[in-house]
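Q: Questions regarding the structure given below will be posed in turn.
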Amino acid sequence: MNRKSLLYNGKSKQIFATESPEYVIMCFKDDETAYYGVKKSTIPNKGALNNMISSLIFQYLEKNGIHTHYVEQLSETEQLCRRATALPLEFIVRNVIAGTLARRLDIEEGTVPKQTIYEICLKSDILRDPLINHYHVEALGLASKENLSDIQNILQTINELLVPTFKKIQIDLIDFKVEFGIDTSGRVMLIDEISPDTARFWDSNSHERLDCDLFRRDLGDIEVAYKEVLTRLENIM
Ligand code: C5P
């Protein structure tokens, strides 16, 4: 399978058509961004690390019954993926309060809520990914009631699979963001990536950040932390 026309040029990834209408090639960039693209940098090797980390996680989810777009890794920075129509939404799952939720509600980072918190955001850098709810999604035709119900079940299953898996490698899965698309047969499918760029990983013992907050808050070296996440994952996958 070879790269054809560029279908999407995002902040951290590009999507290319292939000779097959069923498949696309997703290419991870070294560009790092934060605050809706306001803070930018290039971090050598970041694309390759995220490609490997996300590939391992998607393979693990597929093996455990989650329908994902992942087919295979093609090169250091490229994956072959099933084609989907992306929903213009971002779904956030929070096990521990951090980031924008801590700021928005003035709750100390690290507070554990009574239950998992699920959020939906409209995917829009210009509007800064505003928080919306399922009424907005259905009323504005952004996804159907059935799609939303399937997504809620998938989010719960992903979280139940990933929390204990990361715990085994001494990482607390604080929160993560995922995206969904509709595949060529009309079924909801997990797309995009799950990586330290899109999740918060805290070392279970030291509570050190092993994710993009290092870049967002100028706390340390991203490459070292992302390599650490990959090495730990490779030990169990
Ligand atoms: O910044 P916030 O606390 O809302 O982020 C929650 C989670 O979603 C974090 O893991 C963050 O990395 C991820 N996220 C993302 N892309 C966005 C917004 C948040 O991957 N546009």
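Q: Which one of Pro21, Pro44 is more than 24 Å from Glu228 (Cβ to Cβ) and away from the ligand (no atom under 16 Å from the Cβ)?
A: Pro21
Q: Right, another one. Hey, could you check the range 14-57 for residues that are aromatic (Phe, Trp, Tyr) and at pLDDT 95 or above and say which is surrounded by the most Cβ atoms within 10 Å (Cβ to Cβ)?
A: Phe28
Q: Here is a follow-up. Could we say that Ser124 is free of Cβ contacts under 8 Å to residues at least 12 places away in the same chain, of a type in the set (Gly, Ala, Ser), outside any strand (DSSP E or B) and out of contact with any Lys or Arg (no Cβ under 9 Å at 6 or more places or on another chain) here?
A: no
Q: Here's another thing I want to ask about it. Does Ile92 meet the test of being closer than 24 Å to Ser12 by Cβ and within 16 Å of the ligand (Cβ to nearest atom)?
A: When the stated conditions are applied, Ile92 passes them.
Q: Still on this structure, I have one more. Have a look at Ile117, Ile126, Ile107 and point out the one that is open to solvent by 80 Å² or more (accessible area, probe 1.4 Å) and within 13 Å of the ligand (Cβ to nearest atom).
A: Only one candidate passes the filter, namely Ile126.
Q: Identify all residues within the range 133-144 that are of a type in the set (A, V, I, L, M, F, W, C) and surrounded by fewer than 17 Cβ atoms within 10 Å (Cβ to Cβ); write none if there are none.
A: Ala139, Leu140
Q: Could you list, in sequence order, the residues of the range 107-137 that are modelled with pLDDT of 95 or more and of a type in the set (A, V, I, L, M)?
A: The answer is Ile107, Val112, Ile117, Ile120, Leu122, Leu127, Leu131, Ile132, Val137.
Q: May I ask you to list the residues in the range 145-181 that are open to solvent by less than 30 Å² (accessible area, probe 1.4 Å) and among the acidic types (Asp, Glu)?
A: Within the range 145-181, Asp175, Glu179 meet the criteria.
The values are calculated or read from the model by the stated rules, or taken from the named source; none is laboratory data. Treat the numbers as computed from the prediction; the structure is a model and nothing was measured. Cβ sites come from the backbone with ideal geometry, for glycine too, and all protein chains shown count toward neighbours. All accessible areas refer to the heavy atoms of the entire protein, side chains included, with ligands and DNA or RNA removed. Shrake-Rupley method; radii C 1.70, N 1.55, O 1.52, S 1.80 Å.
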